[in-house]
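J.: Pasting a structure here, questions to come.
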Amino acid sequence: MAKRAYTPRDIEAKKYECFDWDGEWLSAFGNPAINSKWVVIGPSSSGKSSFVMQLAKKLCEYGPVLYISYEEGVGMEFQRRLRLMKMGDVQGRLTVTPDDTISELDERLSHPKSPRFVIVDSFQVSDWSYEEAIELIRRYPQKGFVFISQEYKGQPMGKAAVRLRYIADMKVRVAGYKAYCQGRSASKPGDYYVVWEEGVLMTSNNL
């Protein structure tokens, strides 16, 4: 049987639940759909990990978040960042796992009260294929996925990550402690989210 085809009227009638962000979040990222797919890239020591933690905290306002910390595990540096970002404020909404396989994650997400958002940090260390990631996204279309990617020469590292970024709704690059949105929901080209104000000042002055 042929798959359904949509008319313009069908598409216009579709309703989406969106983030009701304001302030700097609205300015930098607009009001994307809650089930948007994100890819966040950035060089080492750019503020990427801090931005992802801030994003996780923000997402907790809209539902439970599962943070899969493949790259850092739950070691001392991850613990330090949790404290710095005061993630205790979202106790009960944020869950961290260091090593879920994709089948274990699938099992978690199949439960009725499963996380609404999944953060994969990082896509390269997860060792998922592009096809596995897409299959998971398609299986859970109402959930938001945030993929963190290592970077090489300003682009996601590896062909699978590059392909994943192409289909992402929200394409974010963190550099110099600023998060720039290159996705479809960006409010104003050139606007950015400040991850760490002191870091921005230091990098702006080449310190």
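J.: Please list the non-local residues whose amide H lies under 5 Å from the amide H of F147, H modeled 1.01 Å from N, same-chain partners needing a gap of 5 or more.
T.: W38, V39, V40, V120
J.: Once the Cα atoms of helix 130-139 and of the chain are each reduced to a long axis, what angle between those two axes, in degrees from 0 to 90 to the nearest 10, is obtained?
T.: That helix lies at roughly 60 degrees to the long axis.
J.: Okay, next question. Which value does Rg/Rh take for the chain over its C-alpha atoms, Rh per Kirkwood?
T.: Ratio of gyration radius to Kirkwood radius for the chain: 0.96.
J.: Plugging the Kirkwood radius over Cα pairs into Stokes-Einstein for region 36-110, at a temperature of 25 °C and a viscosity of 0.890 mPa s, what D comes out in µm²/s?
T.: Translational D for this selection: 184 µm²/s.
J.: Counting only heavy atoms of the protein chains, get the accessible area per residue of region 88-188 (1.4 Å probe) and round it to a whole Å² value.
T.: Normalised by residue count, the accessible surface of region 88-188 is 54 Å².
J.: Run the numbers on region 1-112 and let me know its relative contact order in percent, using alpha-carbon pairs under 8 Å that are six or more apart.
T.: Computed value for region 1-112: 21 percent relative contact order.
J.: Anyone know which of S50, S103, S129 comes out most mobile in the 10 Å Cα GNM of the chain?
T.: In the Gaussian network model the winner is S103.
J.: Filter the trypsin sites (Lys or Arg not before Pro) in region 99-137 to those in DSSP coil with at most 10 other Cβ atoms within 10 Å of their Cβ, and list the result.
T.: Answer by residue number: K113.
J.: To continue, here is another question. What length, rounded to one decimal in nm, is gained on full extension from E77 through to Y6, with 0.36 nm per residue of separation minus their alpha-carbon distance?
T.: Length gained between E77 and Y6: 20.7 nm.
J.: Which GluC sites (Glu not before Pro) in region 1-110 pass both tests, a DSSP loop state and at most 13 other beta-carbon atoms within 10 Å?
T.: E17, E61
J.: Here's something else I'd like to know. Using the crude model of +1 on Lys and Arg Cβ and -1 on Asp and Glu Cβ, and no other charge, please compute the dipole size for region 99-167 relative to its Cα centre, in debye to 20.
T.: 420
J.: OK, next. Cα axis of helix 48-59 to longest principal axis of the chain: angle in degrees, 0 to 90, nearest 10?
T.: Compared with the principal axis, the helix lies near 50 degrees.
J.: Can you give the net charge of the other residues whose Cβ lies under 10 Å from the Cβ of D121, counting K and R as +1 and D and E as -1?
T.: -1
J.: What does the charge count near V194 come to, summing +1 for each Lys or Arg and -1 for each Asp or Glu among other residues with Cβ under 13 Å from its Cβ?
T.: Cβ neighbours under 13 Å give a net charge of -3.
J.: A follow-up question, please. Kindly give Rg over Rh for region 50-160, based on alpha-carbon atoms, with the Kirkwood expression for the hydrodynamic radius.
T.: 0.95
J.: Shifting gears a bit: With a 1.4 Å probe and every protein chain left in place, work out the accessible area per residue of region 27-82 in Å², rounded to a whole number.
T.: Per-residue value: 32 Å².
J.: Could I ask something else about it? What distance in nm separates the simple spin-label points at D169 and N31, each placed 7 Å from Cα in the Cβ direction?
T.: 1.3
J.: How large, in percent, is the carbon and sulfur part of the accessible surface of region 54-117 at a probe radius of 1.4 Å?
T.: 51
J.: Among DSSP beta bridges whose residues both lie in the chain, state the antiparallel percentage, nearest 5.
T.: 30
J.: Under a 10 Å cutoff between Cα atoms, tell me which one of S126, S110, S27 has the largest fluctuation in the Gaussian network model of the chain.
T.: Between S126, S110, S27, it is S110 that shows the largest mean-square fluctuation.
J.: For region 20-161, what is the charge dipole size about the Cα centre, in debye to the nearest 20, if Lys and Arg each add +1 at the Cβ and Asp and Glu each add -1 at the Cβ?
T.: Here the size comes out at about 340 debye.
J.: Oh, and also: Quick one: which residues, 5 or more positions from Q182 or on another chain, have an amide H under 5 Å from its amide H? H modelled 1.01 Å from N in the peptide plane, none for Pro or chain starts.
T.: Hits under the 5 Å cutoff: K171, V172, R173.
The values are calculated or read from the model by the stated rules, or taken from the named source; none is laboratory data. Since this is a predicted model, take the numbers as computed values, not measurements. FYI the Cβ positions are ideal-geometry reconstructions off the backbone, even for glycines, and counts take in every protein chain you see. Keep in mind that these areas ignore ligands, DNA and RNA; they rest on the heavy atoms of the full protein, side chains included. Shrake-Rupley method; radii C 1.70, N 1.55, O 1.52, S 1.80 Å.
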